């Protein structure tokens, strides 16, 4: 009958395989973090569960938010995308008020916990760009100029206010991937990349230690006491694990030989304690997560969901690739953490929220969507 509205009935359950691989990665990450972090906790006079308990708290918080996100109709996120981005932008103005930590202003402290607000850009920008792309492709908006301007403003804010080159470059790469799968012209993307690349280059040469890291990597310098110390030790830890590893908890490099063993270089501890086989299994789990995420994006019921699923899947998988590439000395040292594994409450929180969005899209149509 003409004008008759029928409710969509499909897509009310999660992708169980996606949920299973998320839980497997989260469980494996928590186990490895406990193994890698307890020496630092004990050496600093804290309980040996200090770091893992904080991470578990953020995992629980992230899981609760993820469940909420998984059931909220996606059209609401599209409708309020600018509000979400504005909130994250304001949050990123606050870190300088809390002072510097190791020469950088990147965190907001809430009691005993701290948040790195720039991490939330990985979600807010994906939602904003997805919504904007749909508006352009549907003819409701003529150009991508607002998207380009917004990305540049975000990049400049993080660079100049928080001196966080790693997160800045990651966000640039994530946005570039989003633009590539849209109908954005390649010539414009190249021009945007050149402009942002110039800003990043200027930011690198402004700080001697960044130039030192870059030149050390390019020259192949392996001075064990120089700028490549962490990389040298991380490769030693990977090789020490052999095929099957020394066993969880039996690694030695986390005892002080490898700085940041529980955060940026936790993958080296994974290699030492689980060996090549364990490393391969972890990488395959991430690869399967990426496969499911891209499959969900390809089969999404509308373009907005497709872009969101693509962007968030790329964010998680690309973050893993960058972290492992650093440990294997394929790229210069960065501050990009390993999703699910590295110590860092905000990273865990944001990763779980991303998974909530993927589970939402995997359900198919929103309940309450109608078609004629």
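Every number here is computed from the coordinates shown, using simple stated rules; none is lab data. The model shown is predicted, which means the values in this text are computed figures rather than measured ones. Note: ideal-geometry Cβ built from the backbone for every residue, glycine included; neighbour counts use all protein chains shown.
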Please give, to one decimal in nm, the separation of the simple spin-label points placed at residue 14 and residue 79, each 7 Å out from Cα toward the Cβ.
2.5
Wrap a convex hull around the Cα atoms of region 318-358, take a quarter of its surface area, and give that in square nanometres.
2.9
FRET efficiency for residue 48 and residue 142, Cβ-Cβ distance as r, R0 = 41 Å, nearest 0.05?
0.10
Among rounded, prolate and oblate, which fits region 19-87 when a ≥ b ≥ c are the square roots of the eigenvalues of its C-alpha gyration tensor, a/c under 1.5 means rounded, and a/b larger than b/c means prolate?
prolate
Using the Kirkwood formula over every pair of different C-alpha atoms, what hydrodynamic radius in Å results for region 121-199?
12.8
Bin width 10 Å, alpha-carbon pairs only: give the P(r) of region 44-190 as whole percents, running from 0 to the bin holding the largest distance.
10, 33, 34, 18, 5, 1, 0
Give the shape of region 221-356 as rounded, prolate or oblate, defined through the alpha-carbon gyration tensor: a ≥ b ≥ c are the square roots of its eigenvalues, a/c under 1.5 means rounded, and otherwise the shape is prolate if a/b is larger than b/c and oblate if not.
prolate
Log entry: pair-distance distribution for region 277-371, C-alpha pairs binned every 5 Å from zero, whole % per bin is 3, 13, 21, 21, 17, 12, 7, 4, 2, 1, 0
Highest-first arrangement of 347-353, 302-308, where packing means the average Cβ count within 10 Å:
347-353, 302-308
